[in-house]
Amino acid sequence: MLDINFIRENLEKVKKAVKDKKLEVDLDKLLKLDGERRKLTTDVDELRAKKNEAAKKKDIEAGKKIKSELNELEKKLHEVEKQWQDLMYQIPNVPVEGVPEGDASNNKILRKEGEPTKFEFTPKDHVELGEILDIIDIPRAAKVSGTRFGYLKNEGVLLEFALVQLAIETLRKEKFIPIIPPALLKKEITDGLGYWHGKIDDEHTANENYYYLPTDNLYLIGTGEHVIVSMHSDEVLDEKELPKKYVAFSPCFRREAGSYGQDTKGIFRVHQFDKVEMVAFVKPEDDETERGKMLSIAEDLMKRLGLPYQVVQLASGDLSFPGAETKDIETWIPSQGKFRETHSISTTTDFQARRLNIKYEIPPVFSNGSIASQPLKGYVHILNGTCFAIGRMIIAILENFQREDGSVKIPEVLQKYTGFSEITPKK
RNA sequence: GGAGGCGUGUCCGAGUGGUUUAUGGAAAUGGUUUCGAAAACCAUCGGCCCGAAAGGGCCUCGUAGGUUCGAAUCCUACCGCCUCCGCCA
């Protein structure tokens with residue numbers, strides 16, 4: 001959610017953000033409603049003051065009269081507030097300075113690291129490799145769970161755990177708190193995150209991107225970010241503990257509705273995968289620095305694995321609803337002959353913090369040396385970034401490090417965790 | 001899953017329909033005092049609205065509704081915690 005005062009003062013900027021993200025929100029109506037809301041608030045306050053006075057005097061007659069007037073006015077206020085909030089929740093975050101304008105075709109490649117892997121033989125894709133190495137079983141997953149699922153087996157499992165250990169060990173050194181979160185979250189929490197955007201859900205509508213359990217009114221998380229960011233909702237964080245950073249290991253569930261034709265082969269796009277995710281709560285002035293750190297941590301891991309990748313800055317129209325800036329890491333996928341998204345590092349600025357009510361105390365010393373009697377409060381900025389989307393990392397490792405006989409070399413940095421240096425065909 | 005109990009501010013804790021503008025402590029922050037500290041004392045110590053400010057008003061007792069002239073207090077639903085039983089890794 002944006003600050004209504006910000007919207008008032010930056011109307012054109014907000015209108016542009018709405019348009020860029022291909023949304024439609026009637027901002028003029030919002031401003032009109034806001035005027036009404038403030039007028040009604042004042043009126044209701046005045047009437048309540050009268051009510052309180054009558055109650056104090058035990059003036060029952062006057063009280064009754066005020067009560068009926070107040071009922072009507074409060075009803076009106078509620079209606080206006082509901083519409084106002086409805087609209088407020090439909091407004092996406094505004095990009096930070098420097099984000100290229102336009103749709104995804106304006107995404108900007110910032111840099112490339114490593115060369116696309118070349119082979120002296122015809123490389124296999126991860127589906128075939130997974131099968132001959134006996135580490136990925138898609139047909140049986142289809143039988144049991146349907147399309148877009150997979151079983152990971154044997155060395156595949158050890159490879160996953162190795163990636164997780166490498167990630168956690170690296171991030172612990174960077175003061176990230178390791179955490180394994182719940183994989184289900186309450187519906188009302190989802191409103192605060194901004195991915196379930198659009199109207200505030202009616203009783204029986206659920207967002208099509210995520211799995212919903214109506215019997216318990218819970219969603220399956222789409223990413224660890226959902227439950228890590230919400231952890232501190234309605235809290236005031238101590239300025240001294242910022243930046244507060246978490247590294248979460250969790251399953252992620254995606255319905256992938258509307259992606260029917262895309263990435264149907266293998267486990268590139270699945271309904272369930274595990275991910276190591278970074279989340280940081282930072283002071284606004286540290287946003288950019290911490291964002292940069294997150295990206296460089298993720299990049300450094302890619303370099304240590306020896307995977308070729310490129311860094312892409314998303315254009316304004318390609319940003320998520322709560323996102324103000326996103327940089328993706330795209331890893332070379334030989335079977336597709338393309339760099340594909342494996343990481344995404346974003347700031348939501350204070351957008352999520354505002355919805356989830358996450359603040360921090362600003363120490364009462366001002367820059368000019370004067371001291372306030374009490375600490376002030378401000379909204380934190382919330383950053384999130386992929387460390388490893390494990391399924392896609394396994395695909396990248398299998399495909400980039402395959403040999404002609406179908407065996408796969410394990411990156412050295414992982415070998416101390418896997419206990420083996422290659423995976424060899426079983427069939 | 002069954003039965004019972006509980007939820008008050010940063011924390012502890014009083015309050016069971018009307019001098020409660022939420023008693024009283026503690027912690028914290030600013031100040032007075034001090035060579036400095038401790039102690040003591042004074043002030044501040046939730047959110048929103050109007051206002052340049054001074055100030056004024058409203059809301060806030062887990063959350064949302066309801067009853068009443070008047071609700072922390074009564075009613076309903078939901079959320080959370082505790083105890084016992086059952087079940088279970």
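Charges were assigned to the Cβ only: +1 to each Lys and Arg, -1 to each Asp and Glu. The resulting dipole of the stretch A:104-423 about its Cα centre is roughly 160 debye.
If you take every DSSP beta bridge whose two residues both sit in chain A, what share of them, in percent to the nearest 5, is antiparallel?
Among the beta bridges of chain A, antiparallel pairing accounts for roughly 90 percent.
Here's how it looks for residue A:339: its modeled amide H is under 5 Å from those of A:333, which are all 5 or more places away or on a different chain. Past the 25 Å Cα-Cα mark, which pairs from A:75/A:359; A:303/A:359; A:118/A:153; A:275/A:303? The pairs that break the limit, which is 25 Å between Cα atoms, are A:75/A:359; A:303/A:359; A:118/A:153. In order along the stretch A:163-169, phi translates into HN-Hα couplings of 4, 5, 5, 4, 5, 5, 4 Hz, rounded to whole numbers, per the Karplus curve 6.51 cos²θ - 1.76 cosθ + 1.60 with θ = phi - 60° and x for Gly and Pro. The label-point distance for residue A:61 and residue A:74, in a model that sets each label 7 Å from Cα toward Cβ, rounds to 2.4 nm. Quickly estimate the mean residue ellipticity at 222 nm for chain A, helices only: each DSSP H run with n ≥ 4 gives -39500 (n - 2.57), and the total goes over all residues, rounded to 500. That comes out to -12500 deg cm²/dmol.
Taking a straight Cα-Cα cut-off under 17 Å and skipping sequence neighbours fewer than 8 places away in the same chain, the lysines within cross-link reach of residue A:58 are A:50, A:67. Put simply, the amide H of residue A:235, placed in the peptide plane, has neighbours under 5 Å in A:359, leaving out anything fewer than 5 places away on its chain.
Only four residue types carry charge here, +1 at the Cβ of Lys and Arg and -1 at the Cβ of Asp and Glu. Report the dipole size of the stretch A:4-89 about the Cα centre in Debye, rounded to the nearest 20. Display every interim value, and only then the final one.
Numbers: 24 positive and 20 negative charges, 32 e Å.
For this selection, approximately 160 debye.
Taking label positions 7 Å along the Cα-Cβ direction at both residue A:296 and residue A:262, the computed distance is 3.2 nm, reported to one decimal.
Stretched out fully, how many nm does the piece from residue A:188 to residue A:165 gain, at 0.36 nm a residue minus the Cα gap? Let's see the in-between values first.
On the way: separation 23, 0.36 × 23 = 8.28 nm, distance 3.32 nm.
Residue separation times 0.36 nm, minus the Cα-Cα distance, leaves 5.0 nm.
Would you please classify the overall shape of the stretch A:4-89 from the alpha carbon gyration tensor, given that a ≥ b ≥ c denote the square roots of the eigenvalues, rounded means a/c under 1.5, and beyond that prolate means a/b larger than b/c while oblate covers the rest?
On the way: a/c = 5.22, a/b = 3.33, b/c = 1.57.
Judged from the Cα gyration tensor, the stretch A:4-89 comes out prolate (a/c at least 1.5, a/b above b/c).
Treating chain A as a set of equal point scatterers at the Cα positions, no solvent, please give the Debye-formula log₁₀ I(q)/I(0) at q = 0.11, 0.12 Å⁻¹. The Debye formula, applied to the Cα set alone, gives -0.92, -1.06.
Go ahead and run the numbers for FRET between residue A:143 and residue A:113, Cβ-Cβ distance against an R0 of 45 Å, rounding to 0.05.
After rounding, the FRET efficiency stands at 0.65.
Any read-out appearing in this document is the output of simple, stated calculations on the displayed coordinates, not a laboratory observation. Computed from a prediction, not measured in an experiment: that's the story for all the values here. Here the Cβ is made from the backbone with ideal geometry for all residues, glycine too, and neighbour counts use every protein chain on show.
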